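Let me begin by presenting the structure, written as structure tokens, before commenting on it.
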Amino acid sequence: MLRARQAIQYLREYRPPLGDRVGLRLDFNENTAGASPRVLQCLRELSLEQLARYPERESVELAQAEFFRVRPEELLLTNGVDEAIHLICETYLEPDDQAVIVVPTFGIYELFVGAAGAKRVSVLAKQNFEFPTQDVVAALNDRTRLVVIANPNNPTGQVASRVDLLGIANLVPHAAILIDEAYFEFYGETLLDQIGRLPNLFVARTFSKAYGLAGLRIGALMGPADQIRAVRRVASPYNVNSVALACLPAVLQDQDFVQHYVDEVRQGRERLQNELRSLGVRYWPSQANFVLASLGQQHRPFVDEMRRRGVLVRDRSHDPGCDGCVRITIGVAGQMDQLLSAIRETVAEIRSPKEVSA
Ligand SMILES: Cc1ncc(COP(=O)(O)O)c(C=O)c1O
């Protein structure tokens with residue numbers, strides 16, 4: 001009988017709640033304003049011949065490397081950060097190697113570490129989801145071959161300091177350190193300038209969030225040239241499709257669009273946090289395009305009532321340390337008006353002071 005590898009048999013399926021997502025979608029950390037209109041122009045200009053050919057990444061990679069100020073041999077375009085994570089796991093993890101992740105965090109790490117048959121070592125964030133530097137250091141050993149850290153982290157919006165991240169990378173030169181900067185644009189700090197300076201440091205960036213291209217699936221993995229060469233061996237030469245490759249240069253040139261959106265998100269984030277504070281709902285100040293809030297035992301009615309009012313938010317109460325938590329993506333100004341009034345009404349409806357207050 002045909003059987004999947006043992007590691008796959010024990011793998012928990014990663015199942016985001018796709019499907020019935022009608023309303024204002026503040027549940028997936030997507031760009032709620034769409035992508036730059038220049039994308040539509042690129043799509044119109046695509047020829048059938050272009051679609052008939054296999055995609056060629058190289059010229060776009062050169063432009064992308066220049067944009068990120070790394071050498072072309074230090075960058076690989078990927079099918080979103082998801083693929084970057086997968087490739088890193090495939091490249092570095094042998095069965096029974098250890099991969100350290102800080103939880104709660106993005107669920108895909110666990111998936112690809114598990115699929116590689118490696119052992120996941122989960123380190124719980126400190127109080128208020130602060131980055132547990134000392135506990136991460138304590139979890140490192142000779143078998144550690146990967147440390148993946150989302151910075152800012154999803155679903156908490158918390159960040160780790162540059163000094164701490166570089167310190168960890170220095171402690172385990174035999175391990176790949178992947179800093180997932182999917183939400184960089186909403187935060188502003190990066191380790192990209194360290195690419196090529198540390199022999200084991202990788203940074204991943206996506207165009208799914210601030211750039212609004214989640215549906216096109218494109219991201220970038222950057223790291224030391226010799227390591228990127230190894231990772232390239234694992235990647236399909238056609239991992240990024242022609243449509244994404246055709247649109248990316250135009251999108252990069254439209255920095256006004258990205259900046260405008262990021263400014264709106266930052267203002268919206270402030271408005272949401274102020275509203276939660278004034279309602280007495282506990283939340284964790286975020287550096288990303290979402291905010292994690294605690295609704296206590298009322299989290300499920302909160303999500304359902306918000307949905308009834310046409311606003312989708314994400315129940316994160318099953319994540320480690322997130323009992324009663326809901327993640328709310330930030331929208332643009334008009335969407336924030338809708339969100340805030342829905343929150344006010346919902347909190348008033350479900351309120352029972354013991355359960356919702358901080
Ligand atoms: C931390 C983090 N990394 C990566 C991703 C996925 O990025 P991509 O769409 O580029 O695969 C997400 C999406 O939610 C995320 O939260």
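The values are calculated or read from the model by the stated rules, or taken from the named source; none is laboratory data. These numbers were taken from a predicted model, which means no experiment stands behind them. Backbone-built Cβ (ideal geometry, glycine too); neighbour counts: all protein chains shown. These area figures cover heavy atoms from the full protein model, side chains too; ligands, DNA and RNA do not enter into them. Shrake-Rupley method; radii C 1.70, N 1.55, O 1.52, S 1.80 Å.
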Q: Would you check which residues across the stretch 101-115 are β-branched (Val, Ile, Thr), free of Cβ contacts under 8 Å to residues at least 60 places away in the same chain and part of a helix (DSSP H, G or I) and list them?
A: Val113
Q | Scan of the stretch 116-137 for residues that are assigned to a helix (DSSP H, G or I) and without any contact (Cβ under 8 Å) to a residue 12 or more places away in the chain, ordered by number | A | Gln127, Gln134
Q: Please indicate, with yes or no, whether at least one residue in the stretch 247-257 is modelled with pLDDT of 95 or more, within 16 Å of the ligand (Cβ to nearest atom) and buried (at least 22 other Cβ atoms within 10 Å of the Cβ).
A: yes
Q. If you go through the stretch 188-215 one residue at a time, how many are within 11 Å of the ligand (Cβ to nearest atom) and of a type in the set (Val, Ile, Thr)?
A. 1
Q) Which one of these does Gly157 not meet: (1) assigned to a loop (DSSP other than H, G, I, E, B); (2) touching a residue at least 24 places away in the same chain (Cβ under 8 Å); (3) surrounded by fewer than 21 Cβ atoms within 10 Å (Cβ to Cβ); (4) touching a Phe, Trp or Tyr at 6+ places or on another chain (Cβ under 8 Å)? A) (3)
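Can you pull out the residues in the stretch 216-237 that are surrounded by fewer than 17 Cβ atoms within 10 Å (Cβ to Cβ) and either within 15 Å of the ligand (Cβ to nearest atom) or under 16 Å from Ile195 (Cα atoms) (or both)? Break it down into steps so the answer makes sense when it comes.
To start, the set of residues in the stretch 216-237 that are surrounded by fewer than 17 Cβ atoms within 10 Å (Cβ to Cβ) comprises 225-226, 229-230, 232-234, 236-237.
Within the stretch 216-237, Ala225, Asp226, Arg229, Ala230 meet the criteria.
Determine whether Val240 is at pLDDT below 95, open to solvent by less than 10 Å² (accessible area, probe 1.4 Å) and under 22 Å from the mean Cα position of the chain (by Cα).
Details: at pLDDT below 95: no; open to solvent by less than 10 Å² (accessible area, probe 1.4 Å): yes; under 22 Å from the mean Cα position of the chain (by Cα): yes.
Considered against the rule, which asks whether it is at pLDDT below 95, open to solvent by less than 10 Å² (accessible area, probe 1.4 Å) and under 22 Å from the mean Cα position of the chain (by Cα), Val240 comes out as no.
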Q: Residue by residue through the stretch 308-329, note down the ones that are of a type outside the set (Val, Ile, Thr) and part of a strand (DSSP E or B).
A: Leu312, Arg314, Asp315, Cys325, Arg327
Q | Elements of type helices (runs of 4 or more DSSP H) contained in the stretch 1-100, each with 3 or more residues being surrounded by 16 or more Cβ atoms within 10 Å (Cβ to Cβ) and of a type outside the set (A, V, I, L, M, F, W, C) | A | 80-92
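Among the residues of the stretch 132-170, count how many are more than 15 Å from the chain's Cα centre (by Cα) and within 16 Å of the ligand (Cβ to nearest atom).
3
For residues that are of a type in the set (Asp, Glu) and free of Cβ contacts under 8 Å to residues at least 60 places away in the same chain, scanning just the stretch 313-339, find the one that is nearest to Gln267 (Cα to Cα). Let's see the steps before the verdict.
From the stretch 313-339, those of a type in the set (Asp, Glu) are 315, 319, 323, 337; that's our starting set.
Filter once more, keeping what is free of Cβ contacts under 8 Å to residues at least 60 places away in the same chain: 315, 323, 337.
Details: Asp315: 24, Asp323: 28, Asp337: 12 Å.
This residue is Asp337.
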Q. Looking only at the stretch 78-126, which residues are of a type in the set (D, E, K, R) and within 11 Å of the ligand (Cβ to nearest atom)?
A. Asp82, Glu83
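Out of the residues in the stretch 258-307 that are assigned to a helix (DSSP H, G or I), among the small types (Gly, Ala, Ser) and more than 24 Å from the chain's Cα centre (by Cα), state the one that is surrounded by the fewest Cβ atoms within 10 Å (Cβ to Cβ).
So the first thing to find is which residues in the stretch 258-307 are assigned to a helix (DSSP H, G or I), and the list is 258-279, 296-307.
Within this subset, residues satisfying the condition of being among the small types (Gly, Ala, Ser) are 268, 278, 296.
The next check asks that each one be more than 24 Å from the chain's Cα centre (by Cα); those that pass are 278, 296.
Working: Ser278: 9, Gly296: 18.
The residue in question is Ser278.
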